[in-house]
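The structure appears below as structure tokens.
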Amino acid sequence: MAAASCFGAVAAAAEAKQAADVFEAVRKADLDLGRIGWKLATANAALCDRLEPGLGFQLHTLDQFDDSSRDAARKHFGFASAVAVEGIFPGSPAERAGLHVDDSLLHVGNVDIAAIAGKSGTTQRLVATQLAIAALPQGQPIEIQALRAGEMVKVVVQPLPACRSRFELRIARDYNASADGTMVQISARFLDTYSEEQVAAAVAHEFSHNILHHRERLEARGVDFGLLSGFGANVKYFRETELRADLLSVYLLANAGYPPGASIAFWRSFGPSKAGGIFRSRSHPHWRDRVATLEGEIARMEKLSVRPVIPVWLGERDQPLTGEWQALIVRHR
Ligand SMILES: [Zn+2]
């Protein structure tokens, strides 16, 4: 063999190995977030008024990969349809039913995967698939048809009730977490930096915004989500929702088996460098006051022995926002 082609083969193998490592690193990060979301969404179903059938798997699609990596991704993961099982959460209904990682989906209940469209290079098809599955009837077995190593397999999953929400990893080097009413998004940087329970605390805060319908209730108050969010009458409503999300987060953590104090540990670590000083948002309370407020709610919660533990004030989500954030905050001294 000529030296040039020998080097060529080595270089190609090294490139393939590198691509495989990147694919698996992204899969791991997706599943780390997915598992946290799965625990929070199923352990807190009693606190949610919008549910979905919880199957306990993470999906991915070929479209998510850009043109340069799509063929390599198809090969690496063995995509035989447009949507495949990226991972399965331990002890989940999907695992019990015998679904496997890298099964390519054909049908989930009456959702025909081939009929769901999406634009190349986007998550449109993933989101549409997740929303269609979330809309399937509650409390009924769901038959899944999939392709596994070229063979058709059928499994029947008995779903668990789960709070209706998507959890999305943002591949970015910044620290960003957000909730839009139906989705919790968090940047991968959090997973690199914080322990699972501290990431769970950040996710639980964002998830709380959705469980408490904050987006809709802020919109009903006509607040400005843009540059003016830190000014005028907007401030009191944002502060109310921030504090309420903090307060609910400790219940979500406790029900999911995480130490509720992880929220305090998270703020003590994240607050001074990222949420203090000149970067402090006027719409958000100071992190030291958030810690004091969390401590107060954990002490109140720990007096309740019923599980799942449900805050007595949960029903306020059906009322308009009051803007009375001063009544919720405990000041740091
Ligand atoms: Zn928030």
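Restricting attention to the stretch 34-85 and to residues that are open to solvent by 10 Å² or more (accessible area, probe 1.4 Å) and of a type in the set (S, T, Y), the residue that is farthest from V184 (Cα to Cα) turns out to be S68. Where helices (runs of 4 or more DSSP H) sit wholly within the stretch 117-232, those with at least 2 residues that are within 16 Å of the ligand (Cβ to nearest atom) and open to solvent by less than 40 Å² (accessible area, probe 1.4 Å) occupy 196-211, 214-220. When L248, L321 are checked against the criterion of being open to solvent by less than 30 Å² (accessible area, probe 1.4 Å), modelled with pLDDT of 95 or more and part of a helix (DSSP H, G or I), L248 stands alone in meeting it. Residues being surrounded by fewer than 19 Cβ atoms within 10 Å (Cβ to Cβ), more than 15 Å from the ligand (Cβ to nearest atom), in contact (Cβ under 8 Å) with a residue 40 or more places away in the chain and hydroxyl-bearing (S, T, Y) are entirely absent from the stretch 251-262. Is it the case that some residue within the stretch 269-277 is open to solvent by less than 60 Å² (accessible area, probe 1.4 Å) and either modelled with pLDDT of 95 or more or of a type in the set (F, W, Y) (or both)? Checked against the condition, which is being open to solvent by less than 60 Å² (accessible area, probe 1.4 Å) and either modelled with pLDDT of 95 or more or of a type in the set (F, W, Y) (or both), the stretch 269-277 yields at least one hit.
With respect to (1) surrounded by fewer than 20 Cβ atoms within 10 Å (Cβ to Cβ); (2) farther than 23 Å from E168 by Cα, the lone exception for R239 is condition (1).
The values are calculated or read from the model by the stated rules, or taken from the named source; none is laboratory data. From a predicted model like this one, the values you see are computed outputs, not experimental measurements. With ideal geometry, Cβ positions are generated from the backbone for all residues, glycine too; neighbour counts draw on all protein chains shown. Please note that ligands, DNA and RNA were not included when accessible areas were found on the heavy atoms of the full protein model with its side chains. Shrake-Rupley method; radii C 1.70, N 1.55, O 1.52, S 1.80 Å.
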